[in-house]
Amino acid sequence: MTAQKSWPYWAAGYAILALMIGTNLPSPLYQIYMQKWGFSPGTLTAIFACYAFFLIPSLLIFGRLTDRIGRKPVIVAGLLLAALGMVLFIVAQSVFMLIVARTIQGIAVGAISGAATAALTELHPTRNRRSAALATTLATAGGTALGPLLAGFIAEYVGHPLRTPFYSELVLLIPAIIAVAAMPESVDKAVVASPDKRAEMPGETPTAALLDPRSFFIASSTAFVAWSVAALFMSLMPSYVSQLLGFRSLLIGGGTIFVMLTVSVIAQLILRGVAPKKNIRSGLICLSIGLCAIVYSMSVKSALLFVAGTVLCGLGHGMTFGGATVLVNMLATAAARGRVLSWYYVIIYLGVGIPVLLTGLLAAHGDLRLAVSVFTGVTVTLSLILGVLVNNGRTLLDHPAT
C-alpha cells in the first residue's frame, strides 16, 4: 500500500482502536466508584445493562443509515459522541451521571462499529476482505485490551484516577476525528444512491443480503461466545483474581484483561492465513479448556493454572473472533454491508451483555466461583453445539477469504 492510498484505511482502523480504548477505560475503575459512592453490585449491573440497552438499537439504526448516507458522517458523529461521553465521566458526581456517560458511549459504539468496519473493507487499496477483517479484529481486541490496562496504570501510579484516564482518551479521540473528517467517503455513490429496496422493509434481517445465511448464523454465534468470555474477564475476573491471590490491585485486574486480549491479538496475527472453519473449530476448543482451567485454578489455588487458562482463553478468542469476522466480511453484499455488519455486532454485544449480566446476578446472590462455574458449563455446551454445526456440511466456512 502506498501512503497516499492507505492513510484513509488506517484512519478508519485508528477510529475503532481509539473508540474501544475509551469504551473499556472504566472497567477497572468501577471498584473506586463503588467505594466512593457506596452503590451495590446490582447498581453496577444496571450501569452495564444501560450501556447495552442503548448500544444495540444504535447499531441497527446507524447500520441502516450508513448504507444510505455513507460511512464518514456516521463515524464522525460517533467519535464526537464518544468525546462527549469522556467529558461526562470527567465531571460525574453521581451514579446517574455514570449511567448517562455509559449510555452515550453505547450510542457511540453502535454508530461506529458497523460503519467503520465496512469502511475498512471499502478503503483497502486492493479490497482484500481478509486483511480488512484482520484490521477490524486487531483494533477491536487491541483497544479493549489497552483500555483497562491504561486506566489501571493511571489509577495506581499517576493520580486522579477518575479523571486522568478520560483526559487521556480525549487526546486519542481528537486526531481520530480530524483524520476521519478528512478521509474520502468509502461507499460507492451509485450504491448509496440506489440502495437495495429490501433494506427499506421495517424489521428486515440481513439474511436477504447474505451469500450464505447458515454461515452467518455460525459466525455470529461464535462471536457471541467469544465476546461473552471477554466480557467475563472485563467485569468479574478482577474480583476472581482478588479471591485467588488474596489481594487487590487495579493494575493486576486491568492486566488480566490485557493479557487475555493481547494473546487474542497475537493469535489473530499468527493465524491470519488459516481458513475460518479451522480457526473457529480450534478456537472453541481453546475457550472451553481455558475456562475449565480457570475454574479449577480456584479449587487448587494455583495462579499458574489461572494464567494458563487466561492464555488459552485469549488464544481461543483470537481464533474464533478473527475467523468469524473474516467469514462475515465474505458474506455481506456491497449494498448492505453496513446493515450486515451492524447485525453482526448486535449479536456480539448481546454476548457481551446478557451472559455476564446473568453471571453477575448469580454472583451477587451466591458465590463468585459458582457463578463462573455455571458460566463455564453453559459456554462449553454452546461451543460443542457450534463445533458440530461447523463440521456439518460444506459452506463458505471451508473456503479461504479474499
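The values are calculated or read from the model by the stated rules, or taken from the named source; none is laboratory data. On a predicted model such as this, the values are computed, not experimentally measured, just so you know. Cβ sites come from the backbone with ideal geometry, for glycine too, and all protein chains shown count toward neighbours.
Brief remarks follow.
- Among the residues of this structure, Val158 does not count as one that is without any contact (Cβ under 8 Å) to a residue 24 or more places away in the chain and within 22 Å of the chain's Cα centre (by Cα).
- Residue in the stretch 279-299 that is surrounded by fewer than 24 Cβ atoms within 10 Å (Cβ to Cβ), farther than 25 Å from Ile252 by Cβ, in contact (Cβ under 8 Å) with a residue 60 or more places away in the chain and among the charged types (D, E, K, R) present: yes
- Residue within the stretch 300-316 that is among the β-branched types (Val, Ile, Thr), within 21 Å of Leu386 (Cα to Cα) and surrounded by 22 or more Cβ atoms within 10 Å (Cβ to Cβ) present: no
- Restricting Ala336, Ala303 to those that are in contact with a strand residue (DSSP E or B) (Cβ under 9 Å, 6 or more places away or on another chain) and either under 27 Å from Leu55 (Cβ atoms) or of a type in the set (A, V, I, L, M) (or both) reduces the list to Ala336.
- Helices (runs of 4 or more DSSP H) fully within the stretch 1-94 that include at least 3 residues being closer than 21 Å to Ile154 by Cα and of a type outside the set (Phe, Trp, Tyr): 3-24, 30-37, 72-91.
- Residue in the stretch 60-71 that is among the basic types (Lys, Arg), buried (at least 16 other Cβ atoms within 10 Å of the Cβ) and closer than 23 Å to Gly142 by Cβ present: yes
- For the stretch 325-374, filtering for residues that are among the β-branched types (Val, Ile, Thr) and farther than 30 Å from Arg71 by Cα leaves 4.
- Filter result (farther than 17 Å from Gly283 by Cα and of a type in the set (Phe, Trp, Tyr)) within the stretch 321-351: Trp343, Tyr344, Tyr345, Tyr349
- For the stretch 361-376, residues that are under 22 Å from Ser221 (Cβ atoms) and not β-branched (Val, Ile, Thr) total 1.
- Meets criteria (more than 30 Å from Val74 (Cα to Cα), touching a Cys at 6+ places or on another chain (Cβ under 8 Å) and surrounded by fewer than 23 Cβ atoms within 10 Å (Cβ to Cβ)) for Val380: yes
- All of Ala119, Ala111, Ala155, Ala133 fail the test of being among the small types (Gly, Ala, Ser), part of a helix (DSSP H, G or I) and farther than 26 Å from Ile348 by Cβ, apart from Ala155.
- Failed item in (1) within 16 Å of Ala116 (Cβ to Cβ); (2) in contact (Cβ under 8 Å) with a residue 60 or more places away in the chain, with Ala77 passing the rest: (2)
- Hits in the stretch 253-288 - residues which are in contact with an Asp or Glu (Cβ under 8 Å, 6 or more places away or on another chain) and in a helix (DSSP H, G or I): Lys277
- Any hit, the stretch 22-41, residues being among the small types (Gly, Ala, Ser) and buried (at least 19 other Cβ atoms within 10 Å of the Cβ): yes
- Counting only helices (runs of 4 or more DSSP H) wholly contained in the stretch 301-402, the ones carrying 1 or more residues that are charged (D, E, K, R) and at pLDDT below 90 occupy 337-364, 368-391.
- Failed item, numbered, when Val263 is tested on (1) under 26 Å from Gly338 (Cβ atoms); (2) at pLDDT 85 or above; (3) crowded, with 17+ Cβ neighbours inside 10 Å: (1)
- Selection within the stretch 28-73 - modelled with pLDDT of 80 or more and among the polar types (S, T, N, Q): Gln35, Ser58, Thr66
- Inside the stretch 130-155, residues that are under 14 Å from the mean Cα position of the chain (by Cα) and either modelled with pLDDT of 95 or more or among the β-branched types (Val, Ile, Thr) (or both) make up a count of 4.
- Candidates Leu350, Leu358, Leu370, filtered to the one that is within 19 Å of Gly309 (Cα to Cα) and of a type outside the set (S, T, N, Q): Leu370
- Yes/no for Val295 being in a helix (DSSP H, G or I) and farther than 24 Å from Val388 by Cβ: no
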